[in-house]
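Quick notes on the structure that follows.
Throughout, read-outs are computed from the coordinates displayed, never taken from laboratory work. Predicted model only: the values in this text are computed from it and were never measured. Every residue, glycine among them, receives a Cβ derived from its backbone with ideal geometry; neighbour counts consider all protein chains shown.
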Amino acid sequence: MNAALNDIVDFIKVIPPFNLLNDQDCHLIAKRTSIGYYRNETILNVHQNDQVMLYIVKKGVIAYYDNAGELQGKFSEGDLCSVLCRPDTERLQISLRVEEDCLLYAIDFNELEELLTEQPTALQFLLQTAPQRLQNTMGAITESALIASSLTNAPITDYYNSPAITITTQASIKDAAKYMTEKGVSCLVIMADEQPAGIVTDKDIRRRCVAEGLNIQHAVTDIMTANMATIDINLCGHDALALMISQRIHHLPVTKYGALVGMLTATDLMNQEGHHAVNLSSVIHKASSVDVLVELSLMLPKLQVSMAKLGASADYLGKNISALTMAFTIRLIELAEQKLGNAPVGYAWLCAGSQARQEQLVYSDQDNALIIDDSATPEQEAWFEAFAHFVCDGLAACGYIYCPGNIMATNTQWRQKKRVWQGYFNDWVTQPDPQALLNSSVFFDLATVYGDSSLLQDVRRNMLAKTQKNTLFQAHLSRNALLQKPPLGFFRDFVLIQDGNNKKGLDLKHNGLAPIINLARIYALAEGIEDVNTIMRLRLAAGTPSLSRTESANLIDAFELLGMLRAEHQAKQLIKGEEADSYLLPKEISRLEREHLKDAFKVIKAMQSYRQMV
């Protein structure tokens, strides 16, 4: 092999997808590759007969533009310019311009296709669209995660015990205790006319019977929990974990088509993955003081790192970290009421933003609010002020920094009666002011942490009834959402932004995840969807006038990829003892990850462009 061929082989074999090939295949490609030198400002011919060229930049810079003259991307040393390999409908709409003197490797794509007939994966990488490549990438990542962490995606069937041990409503507490001992179980499902009526656990017997001095001959129904939480057999292990944490329970009856088929316990999950969020959640709920909670909060980074190492998805991480934040908040609320006395009227403590969407990672800033029952007097409202300060100060002590925008229950504006909150949303929707909407968008992602959930439910349903029909509101919300744009891609070791300039790093949160979160919020409000989790919003909006099923799947793939890279980046920082952030330097990621990110950016940009035209 001569020196020129050697140089080409050595250069291309580390560039995706040629990194999938052996040296012999790379040698065959090198023999068909031509070398060209191009001066600055040269326009490359993209319509040369029927010849389609694949360019690989050895030195210099190529920029490509759409038919409107808008910059779409840049290619520098080591980048593969495959835009001409797309279908004619795309190829005819672009132009390529040399922006720095270039040395280019070029190969006729028709010849390359012949060389890659035995390498379908490499060929698909060049032929497929960005959404198709992204779908394949996330499929492979999901498979790896399934192998790495059984709990992440494994079905309930891998964990639960069948059948569930049951007893009838006619049984006494004594009968239940004896039967639990005989069967070696820690709970029983109480059956009435062959239908589950409730659940009783060994803890219920201790707390509701023995501790209260209740006669053991009383009916077991006197101490059971009615309206018990259940989980469908088709859900996954992490869904069960998140439900246990949020409901503060350790036993979950499993159902199939609504019928009882078994029992899942926290022990079943913990036996699979040892030190887990269930353990930490249980300890949090028993904490006797804020100081104890502060000590426990130091375990959160270790837990996030552990989950990330196991290959957990960003969705799984977010749900579990968010559930633990909820556990900290609930315990602080309970400690506040121990100190201040019971709340004088009904209320709902709300979380907003990433915690409400169940997408939170460690030590995020706190976003919260309070809805107070309309019957509260001014004197009673003073109780809620002291209450809010206790909880928010406790969260700050546990590492959840005060919200820089002051979106907290300590702010009088966000600690209001129900009718005031209804007025807020009514004004935002019926008289949308762009700046007010920009400042208040976080409140369209709310969840009840503690208290009377009907307060938020009523406000949300009234709001959704208005957002579905209000095109002016949707237009303003869309305009604000489109202010956060993904970058065009990467240029050398910098991030290429919309105006053609470069930034040192990529903000995965604001320039990657946020645009998808914003789009999902618009679809949800337009279609009256109550769920606030981004992936669930996209799934529920799929097939509606707002979003096709294909578009939904593409955005979910992009969201999961960006979330996974953010979680991995933070895990590396936490291992080093650094503060976790969302700022990723291009030099920290592989060539292949760059290509995956560019595919995600293209998906987001396409959906934003479509939304802009609606």
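A few points about this structure:
- Filter on Lys74/Lys485; Lys469/Lys509; Lys302/Lys485; Lys58/Lys503 - keep pairs with C-alpha separation over 21 Å: Lys469/Lys509; Lys302/Lys485; Lys58/Lys503
- Calculated FRET value between Lys504 and Gln51, using beta carbons and R₀ = 45 Å, to 0.05: 0.70
- Long-range amide H partners of Ala197 with built H, under 5 Å: Ile190, Met191, Ala192
- Summary of the geometry: the range 276-329 and the range 569-600, compared by the centres of their Cα atoms, lie 23 Å apart.
- Length-normalised contact order of the range 159-274 in % [C-alpha pairs under 8 Å, at least 6 apart]: 29
- For the range 230-245 versus the range 446-464, the spacing of their alpha-carbon centroids is 23 Å.
- Average Cα contact separation per residue, the chain, under 8 Å, 6 or more apart, as relative contact order %: 11
- Sites Gln413 and Thr471 - FRET efficiency at Förster radius 22 Å, r taken between beta-carbons, to 0.05: 0.20
- Set against the labelled values (1) 99, 58, 52; (2) 93, 57, 45; (3) 88, 66, 48, Cα extents along the principal axes in Å computed from this structure falls on (2).
- Magnitude of the charge dipole, the range 159-274, Cβ model with Lys/Arg +1 and Asp/Glu -1, debye to 20: 280
- Angle in degrees between helix 453-467 and the longest Cα principal axis of the chain, rounded to the nearest 10: 40
- In this Cβ point-charge picture (+1 for Lys and Arg, -1 for Asp and Glu), the chain has a dipole of about 500 debye about its Cα centre.
- Cα-based Lys proximity count in the range 159-274, under 22 Å, for pairs eight or more positions apart or on separate chains: 4
- Positive-end residue, the chain charge dipole about Cα centroid, Cβ charges, pick of Ala323, Phe490, Leu103: Ala323
- Residues whose amide H comes within less than 5 Å of that of Gly262, counting only those at least five positions distant or on another chain, are Ala164, Val254 (H built at 1.01 Å from N in the peptide plane).
- For the range 159-274, the residue among Ile223, Tyr160, Val210 whose Cα projects farthest onto the positive side of the dipole built from Cβ charges is Val210.
- R0 of 41 Å, Cβ-Cβ distance Glu194-Asp458: FRET efficiency to nearest 0.05: 0.70
- Projected label distance in nm at Ile43 and Lys339, using a 7 Å step from Cα toward the beta-carbon: 7.1
- Diffusion coefficient of the range 159-274 by Stokes-Einstein, Kirkwood radius over Cα pairs, 4 °C, 1.567 mPa s: 90 µm²/s.
- Pairwise label distance in nanometres, Thr117 with Val292, each label 7 Å out on the Cα-Cβ vector: 7.2
- Here is the tail figure for the range 3-127: Cα pairs spaced more than 16 Å apart come to 61 percent of all pairs.
- Local electrostatic count, Gly451, Cβ distance below 14 Å [Lys/Arg +1, Asp/Glu -1]: -2
- Relative contact order, percent, the range 422-528 [alpha-carbon distance under 8 Å, six or more residues apart]: 28
- Placing a pseudo-label 7 Å from each Cα along the Cα-to-Cβ vector at Lys256 and Asn22 gives an inter-label distance of 4.8 nm.
- Charge dipole (debye, nearest 20) of the range 468-613; +1 at Cβ of Lys and Arg, -1 at Cβ of Asp and Glu: 360
- For Gln360, the residues whose amide H sits under 5 Å from its own are Ser322, ignoring neighbours fewer than 5 places away on the same chain, with H placed 1.01 Å from N.
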